[in-house]
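The values are calculated or read from the model by the stated rules, or taken from the named source; none is laboratory data. Just so you know, these numbers come straight off a predicted model, no measurement behind them. With ideal geometry, Cβ positions are generated from the backbone for all residues, glycine too; neighbour counts draw on all protein chains shown.
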Amino acid sequence: MLSPEDVQKVATLARLKLSEEELEQIGHQLGEILDYVAVLDEVDVSEVEPMAHVADVFNAFRADETRVSLPREESLSNAPKTDGKYFLVPQILENA
Amino acid sequence: MEFTPIIGLEVHVQLLTKSKLFCGCPNLFNPDNPNVQTCPVCIGLPGSLPVMNQEALRLSQKTAMALNLNLANFTKWDRKQYYYPDLPKAYQISQFDLPFSYDGWVEVTLPSSGETTKVRLIRAHLEEDAGKNMHDESGRGGDSKVDLNRTGTPLLEIVSEPDIRSAEEARVFLEELRLLLRYIEVSDCNMQEGSMRCDANVNLHVHEDGEKIPTPIVEVKNLNSFRGVEAAIEHEIKRQIKAWETDRKRIGDVPKETRGWDADRGQTFGQRGKEDAADYRYFPDPDLVPVTTTDEQFDAIRATLCVFPADRRNSYVSDLGLSDYDASVIVDQGREYADYFDEVTSVCGDGKQAANWLTQDVQRELNDRKIEIAEFSILASVLGTVLQKIVKGEITIKSGRAVFTELLAQSDDGSDVTANSVDTIIADKGLGKVQDTGKIDIAIQAVIGNERNAKAVEDVRGGKQQAVGPLIGQVMRELKGADAGSVRQMIIDKLTS
Ligand SMILES: [Zn+2]
């Protein structure tokens with residue numbers, strides 16, 4: 001079971017706003033998932049190299065060549081707000 | 001109060017690839033045309049997959065070699081999660097626990113003391129750059145604009161140990177780093193355009209009653225000029241001394257603070273930290289497979305490296321007999337300048353002569369014309385030919401300058417000047433050194449015998465050597481290429497013995 005504080009932190013990092021009930025409910029659910037995965041803790045992996053990738057494949061490269069990019073209109077077409085040149089987002093606060 | 005400033009730098013440099021790190025969009029600085037260099041991969045549309053640009057990795061590994069870093073035979077990429085408008089995927093592909101290089105150093109020499117120190121490097125890793133946010137400056141809370149042209153371009157992060165002890169050392173470290181990366185042609189390191197960016201971690205070790213007390217670490221972000229780096233650190237040291245004297249806070253008493261630099265006011269200012277910024281929840285990127293590099297492949301990259309600036313300075317001093325100062329002036333102008341110097345030296349056979357001309361005559365012309373050595377109309381082989389004639393004693397330095405001036409005049413008129421032009425100019429202007437003493441003798445006799453010079457001749461006879469000047473001048477005008485020193489000696493000999 002995760003504490004409400006832990007759940008709140010994860011929610012904040014994911015930019016999710018959760019009600020008190022949701023915090024409780026999701027804390028419960030996340031706890032169950034973690035318990036389920038905790039079975040893996042029983043395996044002795046002290047002699048096993050950490051795995052970097054599930055596929056046994058290395059060195060997938062492409063040559064340094066340019067391709068045609070999207071036209072600007074298309075690039076901006078999913079933007080919630082745009083002035084036709086830029087993506088527009090609510091003001092970002094840099095200074096305290 | 002006794003204290004030592006403790007400074008570590010985090011430097012980001014953009015690599016000179018044609019395309020971005022994981023897609024084929026162009027890697028070009030293009031602020032006037034926002035959002036025209038994007039594709040589904042770099043703006044993170046669902047279903048797109050990144051593929052590593054091999055040249056970006058090669059340039060990174062080359063850089064690591066120049067920075068004395070150890071190279072990893074096995075490396076991988078991880079996702080660093082955070083939300084920010086310039087990061088469309090909401091994660092940055094970066095490197096966490098297995099960077100491609102680690103444990104290196106850069107040697108720097110401080111101009112103020114001449115002292116040479118080694119700044120150790122913790123690591124260099126390869127990641128993708130973010131886009132660019134532009135904030136509404138009106139103060140009315142307008143929208144911020146986001147340009148994603150830069151998103152996903154290859155970025156090298158170089159992290160130093162906190163080995164730097166002064167603002168000057170930080171600046172010199174950065175300058176040496178830029179010079180090195182430009183020599184090996186991996187980045188243009190243009191701080192104004194943001195292809196080199198620097199963050200500084202600064203705190204103090206206060207020495208009190210035999211105890212060394214570290215003060216809280218402050219990260220000064222987004223320093224975008226060499227002058228700015230030096231000034232911001234100087235300011236931050238002073239600010240932290242005051243802070244220690246008023247609140248005596250030690251490291252750990254407060255969370256790490258992030259500050260910005262206001263170049264106009266010359267001070268750092270507090271910034272709102274990203275919430276929970278430290279929790280990036282890295283994990284291996286499942287879209288990218290790990291990369292292995294063999295030692296043979298490293299050797300092949302190593303073979304493409306040029307002589308580094310530091311080695312070049314040393315060899316100019318020990319092999320060519322240049323002063324430390326001249327060696328630095330030449331090397332610090334950049335690789336093309338040093339290559340030009342090398343060619344002039346090899347043609348004329350005298351490094352000191354070449355250095356004199358490069359640091360004076362050539363430099364003056366470049367400054368006056370506001371051009372780089374690559375645009376200079378007198379090729380190294382041509383200047384080398386002029387200097388060779390001086391070295392061999394065929395023309396005087398003064399005649400060499402006349403040839404140089406004429407070469408410039410001819411190329412300004414649109415002609416290509418070559419080594420042959422040098423011979424033609426010397427012949428046409430009669431600048432060849434007059435080595436026939438008989439001819440000089442006759443000219444001297446004529447000048448001494450001229451009634452106009454009777455007074456000067458008397459003066460020299462009477463021991464007033466400065467009176468010899470006008471006589472030398474007349475002889476030289478008669479003969480052009482004669483060596484003034486020997487003419488002077490011959491006149492004095494004739495009149496006083
Ligand atoms: Zn792209």
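Couple of notes before you dig in:
- Of the residues making up the range A:68-83, not a single one is over 22 Å from residue B:146 (Cβ atoms) and within 7 Å of chain B (Cβ to nearest Cβ).
- Scanning the range B:320-339 for residues that are part of a helix (DSSP H, G or I), over 16 Å from the mean Cα position of the chain (by Cα) and not aliphatic (A, V, I, L, M) yields a count of 1.
- Note on the range B:163-199: residues that are of a type in the set (A, V, I, L, M) and in a helix (DSSP H, G or I) amount to 8.
- Selection of strands (runs of 3 or more DSSP E) fully inside the range B:1-106 by the criterion of at least 2 residues being more than 13 Å from the ligand (Cβ to nearest atom) and either at the interface with chain A (Cβ under 8 Å from one of its Cβ atoms) or surrounded by 21 or more Cβ atoms within 10 Å (Cβ to Cβ) (or both) returns B:2-14, B:78-81.
- If the condition is being part of a loop (DSSP other than H, G, I, E, B) and crowded, with 16+ Cβ neighbours inside 10 Å, then the range B:340-363 contributes only B:350.
This table checks each residue for (1) in a strand (DSSP E or B); (2) exposed (fewer than 12 other Cβ atoms within 10 Å of the Cβ).
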site	(1), (2)
B:222	yes, no
B:228	no, no
B:243	no, no
B:259	yes, no
B:264	no, yes
B:289	no, no
B:296	no, yes
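- Only one entry in B:89, B:62, B:76 is of a type outside the set (Gly, Ala, Ser) and over 24 Å from residue B:26 (Cβ atoms), namely B:76.
- Criterion: surrounded by 21 or more Cβ atoms within 10 Å (Cβ to Cβ), not aromatic (Phe, Trp, Tyr) and not in a helix (DSSP H, G or I) - qualifying residue of B:390, B:395: B:395
- Given (1) part of a helix (DSSP H, G or I); (2) surrounded by fewer than 19 Cβ atoms within 10 Å (Cβ to Cβ), index of the condition residue B:432 fails: (1)
- In the range A:84-95, the residue that is nearest to residue B:19 (Cα to Cα) out of those that are surrounded by fewer than 16 Cβ atoms within 10 Å (Cβ to Cβ) and facing another protein chain (nearest Cβ under 7 Å) is A:85.
- Residue B:370 assigned by TED's automatic domain parsing to the domain that holds residue B:348 and at positive phi: yes
- Close pairs from the range B:17-34: first within 11 Å of residue B:149 (Cα to Cα) and in the same structural domain as residue B:134 (by TED's automatic domain parsing), partner away from the ligand (no atom under 13 Å from the Cβ) and not hydrophobic (A, V, I, L, M, F, W, C), Cβ under 6 Å, at least 6 apart: B:29/B:193; B:34/A:85; B:34/A:86; B:34/B:147
- Meets criteria (away from chain A (no Cβ under 14 Å), within 30 Å of residue B:340 (Cα to Cα) and acidic (Asp, Glu)) for residue B:169: yes
- Qualifying residue in the range A:31-44 (condition: without any contact (Cβ under 8 Å) to a residue 60 or more places away in the chain and either surrounded by 13 or more Cβ atoms within 10 Å (Cβ to Cβ) or in contact with a helix residue (DSSP H, G or I) (Cβ under 8 Å, 6 or more places away or on another chain) (or both)): yes
- A single member of B:159, B:202, B:146 is in a strand (DSSP E or B), modelled with pLDDT of 95 or more, touching a strand residue (DSSP E or B) at 6+ places or on another chain (Cβ under 8 Å) and surrounded by fewer than 19 Cβ atoms within 10 Å (Cβ to Cβ), and it is B:159.
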